[in-house]
Structures are given as C-alpha cells and as structure tokens.
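The values are calculated or read from the model by the stated rules, or taken from the named source; none is laboratory data. Everything numeric here is computed off the predicted structure, so don't read it as measured data. Reconstructed Cβ throughout: ideal geometry from the backbone, glycine too, with neighbour counts over all protein chains shown.
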Amino acid sequence: MSRSSPRLGRAWLAVTVPLVLATASPAQEGDPAAPQEQFTPEARLEALVERLNAARQEYYRAYDEAKTDEEKDAVFAKEPSAAFVPEFRALADSIAGTEPAAQAWIWVVRLSQRVDGGAPAKEALGMLTSRYIDSPALGDLARELEYAGYSLGLDACEGTLRTVIEKSPLRAVQARAQYTLARILMRGRGRQLSEEAALERRAEAKRLFADLAGRFGAEDAGRGRTYAAQAERNLFEIDRLQIGMVAPDFECTDADGVKFKLSDYRGKVVVVDFWGDW
Amino acid sequence: MLPHEKELVERLKDKPFALIGINSDGDAETVKKILAKNEITWRNAIDGSTGGPLATQWNVNGWPTIYVIDAKGVIRYRDVRDQAMEDAVMALLAEVAAPAK
C-alpha cells in the first residue's frame, strides 16, 4: 500500500482548518492585490498547500492523459514537489517562530527528500529540532520519517527522532517519535546491515516498544489502536517473525468454509501472501 | 505480480509447493467473486479486512506482504516479489530435493 502525499496533505488540512478559524484575521484569502503580510501565517500556509495540491492534481491529470512512455516520462520529469520546496522554505522564514512555520518546515521535509541529495530536508530537520522543538507538529514529522531512511539515510532520521524523544515537552509527540524510532530500528530500511548490527537494533527496538507500552500504553496510536496494542504486535514480529524462525502457526478458514492450518503444509515450500484486490 | 504467481503455481503444481493467500477484502462471498474474477486457483484464507486476525497477528501494515517458508516451516525470505520470489521458492525446492547434510 503506497503512502500518497496528496492524502497526507488532505489529512493535514483537516487539522489546520480549526487553527485558521481560531485566529480569525481581517485579511481574507482570495484578494490577489493584498500584500502577503496582511494574511495570517495560517492562511498563507493554507494557500500554499492549496496551490501545491492543485499543481499535483494537474500533474496526475497530465500523467493519466499521456499515452506513450515518452510522454509519461516528460510529465514525470515535471512532478511539482521539488518546485515547491523553495516556496515552503521562504514561507517558513517569513513567518519564523509561528506554529505554521514549523508546519512549513515539515512540508520541506516531505517534499525535498530527493532534492539536492536531501539537503533542504536536512536543513529543515535541523530547524525543527532546534527552534521548533516545542511544536505539536513534530508528531507529524515523526510519521514522515518512518519511510525516509532510503532517501535521507538512517542516521538523519534516527538522530532527529532521538532528539525529539529527549526534548519535546509533549507526551503525544514523544510517544510518536519513540514508536517511529523503534519501527525504523526493527526493520532497518534504507541500509544494508550486518547480522550483528541488525540484532542489536532489534534489541533496542524491543526495549523502546516495551517502554512505550509501559509509559504510553493507553494512549491513542492512530487508527483506533493504543500504543500497548501496537507495541504488542511489533514485539511479536521481532520475537516470532524473523528470518530463520519457525513461522508461528495459525488456523483459518478458506473461501469454501474449510478450516486449515499453516502447519498442514509442513513438508512443502509455502509462500504466504497477505493481499487484497484494491 | 498476479500473472507471475499464476504461472508459478501452474508450473510447480507437481512439486511440494503451495501459495496461500491471506485475503483482506471481506467475507467469503466477496472473496469468492474476487478469486473468480482474477482466475485465482490457490487457497485463500478469509481474513475479513486489513484489520483481520491474521494481518493483526503477523503485524501486516502494507499489502502485499510476503513470507516464504521452507519445508520445515522456517521463515526464509520476506517481501520478495516476482522473480525474487520465484528464485526464493526454487532455492527452497532444491533443498527439499537434496537436503543439506
């Protein structure tokens, strides 16, 4: 299942709309003659995100309409994320010190992982962990980093998360950062690791999940699950689902209503394929 | 993915090999229709949804997630697809034919 950025964008907008309303300003959007500084930081960020989303819609439409591989390549080369990096960066500078500035820096992280070797994203990580360490938006940053190891490197992702765990004053942000760090340690995405290093990282992941269940167990981890439940699932994966371990048996029912167990297939090579038709 | 799986299942039908789908689309009736539509012949467990009991126990949060298990029941590969999955299966079938001493 791919994580599409437009979906994240919409989820994020749903969060920011109440903020915009809460800080009602006499300046209204949609008046192109008005200088930008008249608008609230919230409104300026929202307007920029809307422009990004519109550019992406246009990009998807052009991509769908492209007929040949050459045409698709030409459209793909103009994917709009990179072009918006300087705009989010400039906005973050212009409204420095505000909550929307922290969110603009997170947009830089989101959009620039493959721009200039990730340099803008790394600059943004530095800003967020120094000037904006108190921001509640750092929970969103943690989510962004779970799969960023491929592009930004594990060190940048893990270093950022460790700083957030240590320095954020917000429990929800600490918990999300600790969960994400443990997930990265457990899966080791983005780096070839020696067997020893992988074992050591999984051991640290286990400590972090156990600590998470102890300190934040009853709190919401998203998708209606608690951190205790999420920790339990991940600990099961670390303890029972690693390469070289006997697969945990399960009993289930097939499409004809017949019960069967994985262990019924002992003596055969088995591919277990978790899938859906979507 | 699917065409390659079908071809592999057909080619290995006389070998000690099984592909087991763990399907997250819905109840048995729903899944039967999906299997018919896609001409899928191999066994599928009905897990009900992406939050089904097997997906939950095996900590699956991306689909497809694939584990390749040897004849002794040991997990040997994960997240291999297409040619990499075939290579994994063939390597493990070779072990069955000529067990390591």
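Filter the stretch B:16-37 for residues that are at the interface with chain A (Cβ under 7 Å from one of its Cβ atoms) and part of a loop (DSSP other than H, G, I, E, B); which is farthest from A:CYS252 (Cα to Cα)? Full working, then the answer.
Applying the first criterion (at the interface with chain A (Cβ under 7 Å from one of its Cβ atoms)) to the stretch B:16-37 yields B:16-25, B:28, B:31-32, B:34-35.
The next check asks that each one be part of a loop (DSSP other than H, G, I, E, B); those that pass are B:16, B:24-25.
On the way: B:PRO16: 21, B:SER24: 13, B:ASP25: 15 Å.
So, considering only residues that are at the interface with chain A (Cβ under 7 Å from one of its Cβ atoms) and part of a loop (DSSP other than H, G, I, E, B), the one farthest from A:CYS252 (Cα to Cα) is B:PRO16.
Assigned to a helix (DSSP H, G or I), in contact with a Pro (Cβ under 6 Å, 6 or more places away or on another chain) and at the interface with another protein chain (Cβ under 7 Å from one of its Cβ atoms): which single residue out of B:VAL96, B:VAL89 fits that description?
Working: B:VAL89 fails: in contact with a Pro (Cβ under 6 Å, 6 or more places away or on another chain).
Among B:VAL96, B:VAL89, only B:VAL96 is assigned to a helix (DSSP H, G or I), in contact with a Pro (Cβ under 6 Å, 6 or more places away or on another chain) and at the interface with another protein chain (Cβ under 7 Å from one of its Cβ atoms).
For the stretch B:44-54, indicate whether the set of residues that are modelled with pLDDT of 95 or more, part of a helix (DSSP H, G or I) and either in contact with a His (Cβ under 8 Å, 6 or more places away or on another chain) or facing chain A (nearest Cβ under 9 Å) (or both) is non-empty.
Within the stretch B:44-54, one or more residues are modelled with pLDDT of 95 or more, part of a helix (DSSP H, G or I) and either in contact with a His (Cβ under 8 Å, 6 or more places away or on another chain) or facing chain A (nearest Cβ under 9 Å) (or both).
Return the pairs, sorted by first residue and then second, in which the second residue is surrounded by fewer than 19 Cβ atoms within 10 Å (Cβ to Cβ), the first residue lies in the stretch B:65-84 and is part of a helix (DSSP H, G or I), the beta carbons are less than 7 Å apart, and the residues are 6+ apart or on different chains.
What qualifies is B:ASP82/B:MET1; B:ASP82/B:HIS4.
With respect to B:VAL74, determine if the residue is among the hydrophobic types (A, V, I, L, M, F, W, C), facing another protein chain (nearest Cβ under 7 Å) and surrounded by fewer than 20 Cβ atoms within 10 Å (Cβ to Cβ).
On the way: among the hydrophobic types (A, V, I, L, M, F, W, C): yes; facing another protein chain (nearest Cβ under 7 Å): yes; surrounded by fewer than 20 Cβ atoms within 10 Å (Cβ to Cβ): yes.
Yes, satisfied.
Could you check the stretch A:124-158 and list, in sequence order, the residues that are at pLDDT 95 or above and over 16 Å from the mean Cα position of the chain (by Cα)?
Matches in the stretch A:124-158: A:GLY126, A:MET127, A:THR129, A:SER130, A:ARG131, A:TYR132, A:ILE133, A:ASP134, A:SER135.
Here are A:GLU204, A:GLU195: which of them is within 26 Å of B:LEU93 (Cα to Cα) and away from chain B (no Cβ under 11 Å)?
Working: A:GLU204 fails: within 26 Å of B:LEU93 (Cα to Cα).
Unique residue meeting the criteria: A:GLU195.
Step by step: first the residues of the stretch A:76-98, then only those that are surrounded by fewer than 19 Cβ atoms within 10 Å (Cβ to Cβ) and charged (D, E, K, R), then the one that is nearest to A:ALA148 (Cα to Cα). Which residue is that? Outline the logic, then answer.
Restricting attention to the stretch A:76-98, the residues satisfying the condition of being surrounded by fewer than 19 Cβ atoms within 10 Å (Cβ to Cβ) are A:76-83, A:86-87, A:90, A:93-94, A:96-97.
Okay, now just the ones that are also charged (D, E, K, R), so A:78-79, A:87, A:93.
On the way: A:LYS78: 22, A:GLU79: 19, A:GLU87: 21, A:ASP93: 24 Å.
Filtering the stretch A:76-98 for residues that are surrounded by fewer than 19 Cβ atoms within 10 Å (Cβ to Cβ) and charged (D, E, K, R), the one nearest to A:ALA148 (Cα to Cα) comes out as A:GLU79.
Sort out which residues of the stretch A:112-125 are crowded, with 24+ Cβ neighbours inside 10 Å and closer than 30 Å to A:GLN38 by Cβ, and write them in order of number.
Matches in the stretch A:112-125: A:SER112, A:ALA124.
Are there helices (runs of 4 or more DSSP H) fully within the stretch A:71-172 with at least 3 residues that are among the small types (Gly, Ala, Ser)? List them. Break it down into steps so the answer makes sense when it comes.
On the way: elements: A:81-94, A:99-111, A:119-130, A:138-145, A:149-152, A:154-167.
Per the criteria, A:81-94, A:99-111, A:119-130.
Hey, among A:SER130, A:SER81, A:SER112, A:SER135, which residue is closer than 23 Å to A:CYS157 by Cα and in contact with an Asp or Glu (Cβ under 7 Å, 6 or more places away or on another chain)?
Working: A:SER130 fails: in contact with an Asp or Glu (Cβ under 7 Å, 6 or more places away or on another chain); A:SER81 fails: in contact with an Asp or Glu (Cβ under 7 Å, 6 or more places away or on another chain); A:SER112 fails: in contact with an Asp or Glu (Cβ under 7 Å, 6 or more places away or on another chain).
Within the list A:SER130, A:SER81, A:SER112, A:SER135, the selection yields A:SER135.
When you check B:ILE40 against the structure, is it facing another protein chain (nearest Cβ under 8 Å) and either assigned to a strand (DSSP E or B) or over 17 Å from A:LYS261 (Cβ atoms) (or both), yes or no?
Working: facing another protein chain (nearest Cβ under 8 Å): no; either assigned to a strand (DSSP E or B) or over 17 Å from A:LYS261 (Cβ atoms) (or both): yes.
So B:ILE40 does not fit the description; no.
If I ask for residues that are under 19 Å from B:PRO64 (Cβ atoms) and hydrophobic (A, V, I, L, M, F, W, C), which ones from the stretch B:13-42 would you list?
Narrowing the stretch B:13-42 to residues under 19 Å from B:PRO64 (Cβ atoms): B:17-26, B:30-31, B:34-35, B:37-42.
B:PHE17, B:ALA18, B:LEU19, B:ILE20, B:ILE22, B:VAL31, B:ILE34, B:LEU35, B:ILE40, B:TRP42, listed by residue number.
Filter the stretch A:52-91 down to residues that are small (Gly, Ala, Ser) and without any contact (Cβ under 8 Å) to a residue 12 or more places away in the chain and give me whichever is nearest to A:VAL109 (Cα to Cα). Can you show your working first?
Just the residues of the stretch A:52-91 that are small (Gly, Ala, Ser), to begin with: A:54-55, A:62, A:66, A:74, A:77, A:81-83, A:90.
From the residues that got through so far, the ones that are without any contact (Cβ under 8 Å) to a residue 12 or more places away in the chain too are A:54, A:66, A:74, A:77, A:90.
Details: A:ALA54: 20, A:ALA66: 29, A:ALA74: 25, A:ALA77: 20, A:ALA90: 14 Å.
Here the answer is A:ALA90.
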